[in-house]
Amino acid sequence: MDKNDFSAYVYADNAATTRLSDTALEAMLPYMTAYYGNPSSIYSFSHESRKALSAARSDVAAVLNADPSEIIFTSGGTESDNHAVVGAARANVAKGKHLITSTIEHHALLHTMKQLEKEGYSVTYVPVDGEGTVDVEALKAAVRPDTTVISIMMANNEVGTIQPIAEIGAFAKSKGILFHTDAVQAVGHIPVDVKELNVDMLSLSGHKFHGPKGVGALYLRKGVRILPLMQGGGQERGRRSGTENVAGAVGLAAALKEAASQMETEAARLKALVARLDEGILKIPYTKKTGHPTNRLPGLASYTVEFIEGESMILHLDIRGIAASTGSACSTGSLDPSHVLMAMGLTHEVAHGSLRLSLGKYSTDADVDKILAELPEVVALLRRMSPVWPGLE
Ligand SMILES: *Cc1c(COP(=O)(O)O)cnc(C)c1O
């Protein structure tokens, strides 16, 4: 097989990124070829770009139950998270410098908090239970008179657990504290209504729901003032300078509209595929599912496989034509287990053997067949080579 031919490859890493949908690609193309005008220019040629950007904004707003003026296009989930937390923290220093988040956030959020700590802010990291649900009572107890921002993710990217965002949002509102949610894994996959969720700010990213990479959005509730991250030409009503990624915004909006219109049937289809994965994988001895048993993303399946190391599992699956993911990363030389699994109380040893299979729009029954045919062999092979494998009696 040609090593660059991935036509028969099984892609089960949709939580990392997704294939662009055909609808999104088609919507984007004219804005990279025919209508390439700068939306800020005043001649008629640029009207097309401006109109497209405005329509994309309205479409995104409609899906989230927001007003178009509340949508800021960004370069992705990471920028939206940074902008929300840093912008809100800096805009409210007169009130205080205390922030609250959870221990299982994406690094886009956690590393931003770490940076703010270096700049003199104090941050409380609220713990989660064994299923990855944020301890709401601990969050409430963490509030101080100088607390300005709470940021809790809507759905976790490693284990899929969905958080009680509406409840936390109502609480934050009652305390007059700004509330941000990183909804990058949720948007396009489960219903997201900014009003029902009581959020002031919400991050989303195109490439997590079959839109293009490098474009995202930040929902910023009307009346909430945050400082911009970037200074420049004053685009996005002064909130995000830089010439707009018109084709990107158009593709994001098209993918989101498509995902929203297919959400119910697609979620049911993915749940059925994941149920098949669960049934097959949990038959392998010493495996467990991680995350919440029911309150979880429909396409994300996560497990621990004891006595083997996650990265070896991923490399062996890759040789057999399957893309999957693990929480442990030894890319830096040090073998760090996932901060999410550790926060959920798993031991180092068990957390090292984590496996995440995330399915999407283009996943099929045949993909699941292939995973269920290959994975047990990979696990058996690695366990035979493992010095810690006790064997089966
Ligand atoms: C992917 C992801 C991000 C980062 O989004 P980018 O668009 O890749 O910058 C942030 N948060 C979560 C939960 C994610 O899954």
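A few points about this structure:
- For peptides 131-141, 148-158, sequence by mean Cβ density within 10 Å, most packed first: 148-158, 131-141
- For the pair SER241 and LYS175, a Förster radius of 41 Å applied to the C-beta separation gives a FRET efficiency near 0.80, rounded to the nearest 0.05.
- Legend: ranking of residues LEU359, LEU392 from fewest to most surrounding C-beta atoms inside 10 Å; resulting order LEU392, LEU359.
- Spherically averaged projected area of the stretch 254-331 from its Cα convex hull (nm²): 6.9 nm²
- For the stretch 22-258, radius of gyration divided by Kirkwood radius, i.e. Rg to Rh on alpha-carbons: 0.98
- Stretchable slack from GLN262 to LYS51, in nm (0.36 nm times residue separation minus alpha-carbon distance): 73.4 nm
- Rg/Rg_globular for the stretch 45-185, with Rg_globular taken as 2.2 N^0.38 Å and Rg from C-alpha atoms: 1.13
- Electrostatic dipole magnitude of the chain [Cβ: Lys, Arg +1; Asp, Glu -1; Cα centre; debye, to 20]: 1180 debye
- Residues ARG225 and ASP318, FRET efficiency given R0 of 41 Å [Cβ-Cβ distance, rounded to 0.05]: 0.30
- Restraint check, LYS208/LYS283; LYS51/LYS257; LYS288/LYS361; LYS97/LYS118; LYS283/LYS370; LYS195/LYS222, Cα-Cα greater than 19 Å: LYS208/LYS283; LYS288/LYS361
- Mean-position separation - Cα centroids, the stretch 79-105 and the stretch 300-330, in angstrom: 34 Å
- Whole-Hz ³J(HN,Hα) from phi, Karplus 6.51 cos²θ - 1.76 cosθ + 1.60, for the stretch 127-138, glycine and proline x: x, 10, 8, x, 9, x, 9, 5, 6, 5, 5, 5
- Counting Lys and Arg as +1 and Asp and Glu as -1 over every other residue whose Cβ lies under 15 Å from the Cβ of ALA255, the net charge comes to +1.
Where a number appears in this text, it was derived from the coordinates with a stated rule and is not lab data. Since we're looking at a predicted model, the values are computed, not measured. With ideal geometry, Cβ positions are generated from the backbone for all residues, glycine too; neighbour counts draw on all protein chains shown.
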